[in-house]
């Protein structure tokens, strides 16, 4: 599968990628800013994400609440998201509304600050604190999002701290912080704009020029500290979290090669062999055969700097002890570390990944997002067209080299959730029934 | 840019749209095999992918009383052994050709579905034939999946949002109604499910005449038909069972119930009542009315609770469309100390929809969104297959998707008001909140001017 790709850069540094597809009258506009929680200064955890919320609060020509309303009235969908090392904003609209989407993005890239008020900041702070309660504090296991990176990255590392932020740091965020962050990071030379779908190339060029060319380049952003990390943790780490849960659950992270490196693809295939779908090792052995897990999966974070993480996520059955759970997972990792995987397992994993890659190119929004991803991280959106080849080139030998280097006991960080004492959700008789073989 | 006295940095005015391009929902054709099995095929050639969905009239609404959960268990067990392959071997066969099969039951139907590269489709559909026509239901896997469901029920009880959903259904329907308990069954009903019960359910409901196979993607009608004839043409079955029973009527009174979760930092709030069956003639008026009330991000409820008050990360309303009347439900999670205030705002918004006709601007926000977003909904083979399955499940007209956008645009402000007056029932609202009773009971009493019951996660009443 190859999709057509064109790129150019405006004089102000905005990197643009275009991919035409006229099968439906739909176009996706997708903007990545190369800033995430890793760029936050100390005492301001959660700010990159709070800032993302503020970008929906209007700009010089757009009223409060109007951003969503204009896109929805146009028949479009939209959202934004914040990650450790990037923030994205995206709309999919009927193709005759392309200019509206570009205008909205340009208006907030160029003219956000006149619309910022203390009241809007206070309201979005409340919204984000409620997002934190909803997604983490009032959610079983919800805190794994901040505990696992905190465990796997040293405290000085930009990936260590919480993406959603602490309540205290969110409270401290001010309008001055907004102005500073905006001036530093929300500049055309720190952004990638992708358009995918039903548009005419020449028209798109004109529109991009018209709306973005006059936005001034930024003054440069502070360099991140050195993010290089040794390939392994050097020891095993373990944290036990008593939580309001009924089933124990283990998140086990291994440092793994950064996303985009050649070794990454071997690591990704190894992750799929361990925990992608029901035919994977974890599911087959722990859920199906031994019946000690209710659910099991593995995935990578896909981080491009310093170190990626390969994460195993296994939820116990009611009667499985934490010892059983932990030792079963460690044994399975030991086995892959020492004895490797088979060519058969590699081909199953690659077959699934290949289909998923094609499926991920179906919608204009997903295409545009992938173009932005490869453009932001590697300056080369056409990498989207070689992903399948990179996976197909992975052999059992390469997976095993990865497993020998990275899956040893000296590279495992375990975050174990256990039911806290007196948890009201515990019902002994039902636990016994559900645990029965 | 011009360099006159207006700053070169002045923002540009908002642009107008250009002329829209035409769009049609993908063309599809139907074919029936001699044994009654139906085919629906939409050829979409953008990418070398095909989604197939075998939709069987074997949903939870078909279950006998006392057997809640058998539909879900039977559907999942299709994948656990068939035609000489055990579950592990079946999974392996699918995954080796790069696809994962999913089998699950919902209220109205059971569905076996997968998306594969088109060159792999014949192999994939052959495996689907095996598991649909010759499942084994091994005793060991019946027991394993039953235990997995029991573990899931325990898990959901610890999850405030899932607990609120379950307790809301229980509060909205009378206890004898199937919709009062989860589609997947309760701990008690699931414990009682045996292999014999599962097999009997399968034999009664998995019939060629009760099955439709939807194909969406890179496949022609003739290829799909000949493949289906070869794999399913000799599937012999009994009579297709008649229509499922309707649901029992709902209580016509209001209720406020707190499900106690000590020290909860947030309250999971559910407010609503029994809604409407999918084929109700007011469907479009109700859909637009709901979009204005709480269906869109820019809806009244979300703008009020989130953007004006900062009470929540999000607040939405929905009619859940089933063959029989599913629930109408408003859902949100709010900071504990604003629970009473948030509920009061929601009740006011419901009342407002019923008393005052909405403005033209509000109407067109909803209608132009639903009209404009229509093509965006059907970008993937999976979404197209689901839309076609929906036609089958609800027996909608063949031109339903071609007429959809015109129907939406035809809704008026008067139609929305009438829909709100007919189908929102303030006097029947059931309010269920999972949260800390010591913080929220009193404010809820004030907000609703009614009795507040406090129950535990089992639904048993506890001292307030």
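The values are calculated or read from the model by the stated rules, or taken from the named source; none is laboratory data. In this text the structure is predicted, and so the values were computed from the model without any measurement. Here the Cβ positions follow ideal geometry from the backbone for every residue, glycine too, while neighbour counts run over all protein chains shown.
Taking the criterion of being farther than 21 Å from residue B:132 by Cα and more than 10 Å from every other protein chain (Cβ to nearest Cβ), the residues of segment B:25-41 that qualify are B:25, B:27, B:28, B:29.
Only residues that are crowded, with 22+ Cβ neighbours inside 10 Å and either part of a helix (DSSP H, G or I) or within 7 Å of chain B (Cβ to nearest Cβ) (or both) were counted in segment A:77-94, giving 2. Considering segment A:56-65 alone, what residues qualify as being farther than 27 Å from residue A:163 by Cβ and either touching a strand residue (DSSP E or B) at 6+ places or on another chain (Cβ under 9 Å) or more than 9 Å from every other protein chain (Cβ to nearest Cβ) (or both)? The one that is farther than 27 Å from residue A:163 by Cβ and either touching a strand residue (DSSP E or B) at 6+ places or on another chain (Cβ under 9 Å) or more than 9 Å from every other protein chain (Cβ to nearest Cβ) (or both): A:63. Can we say residue B:375 is under 27 Å from residue B:156 (Cα atoms) and assigned by TED's automatic domain parsing to the domain that holds residue B:273? No, not satisfied. Among the residues of segment B:179-201, those identified as crowded, with 22+ Cβ neighbours inside 10 Å and part of a helix (DSSP H, G or I) are B:179, B:190, B:198, B:201. Here the condition is being within 21 Å of the chain's Cα centre (by Cα), buried (at least 17 other Cβ atoms within 10 Å of the Cβ) and without any contact (Cβ under 8 Å) to a residue 60 or more places away in the chain; of B:376, B:384, it holds for B:376 alone.
Give the number of residues within segment B:281-330 that are assigned to a strand (DSSP E or B) and closer than 23 Å to residue B:108 by Cα.
Count: 7.
Per the listing B:275, B:233, B:237, the residue uniquely modelled with pLDDT under 95 and away from chain A (no Cβ under 14 Å) is B:237. Is it the case that segment B:56-70 has a residue that's within 14 Å of chain A (Cβ to nearest Cβ) and at pLDDT 95 or above? Checked segment B:56-70: at least one residue is within 14 Å of chain A (Cβ to nearest Cβ) and at pLDDT 95 or above. Of all residues in segment B:134-162, those that are part of a helix (DSSP H, G or I), away from chain A (no Cβ under 12 Å) and touching a strand residue (DSSP E or B) at 6+ places or on another chain (Cβ under 8 Å) total 0. Here residue A:104 does not fit the description of being in the same structural domain as residue A:175 (by TED's automatic domain parsing), over 27 Å from residue B:312 (Cβ atoms) and either part of a strand (DSSP E or B) or without any contact (Cβ under 8 Å) to a residue 60 or more places away in the chain (or both).
Where helices (runs of 4 or more DSSP H) sit wholly within segment B:332-379, those with at least 2 residues that are within 13 Å of chain A (Cβ to nearest Cβ), touching a strand residue (DSSP E or B) at 6+ places or on another chain (Cβ under 7 Å) and at pLDDT 95 or above occupy B:339-355, B:374-377. With a requirement of 2 or more residues that are in contact with a strand residue (DSSP E or B) (Cβ under 7 Å, 6 or more places away or on another chain) and within 14 Å of chain B (Cβ to nearest Cβ), the helices (runs of 4 or more DSSP H) lying completely within segment A:131-238 that satisfy it span A:201-212.
For (1) surrounded by fewer than 19 Cβ atoms within 10 Å (Cβ to Cβ); (2) touching a strand residue (DSSP E or B) at 6+ places or on another chain (Cβ under 6 Å); (3) within 14 Å of chain B (Cβ to nearest Cβ), each residue gets a yes or a no:
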| position | (1), (2), (3) |
| --- | --- |
| A:310 | no, yes, no |
| A:314 | no, yes, yes |
| A:319 | yes, no, yes |
| A:343 | yes, no, yes |
| A:368 | no, yes, yes |
| A:373 | no, no, no |
| A:383 | yes, no, no |
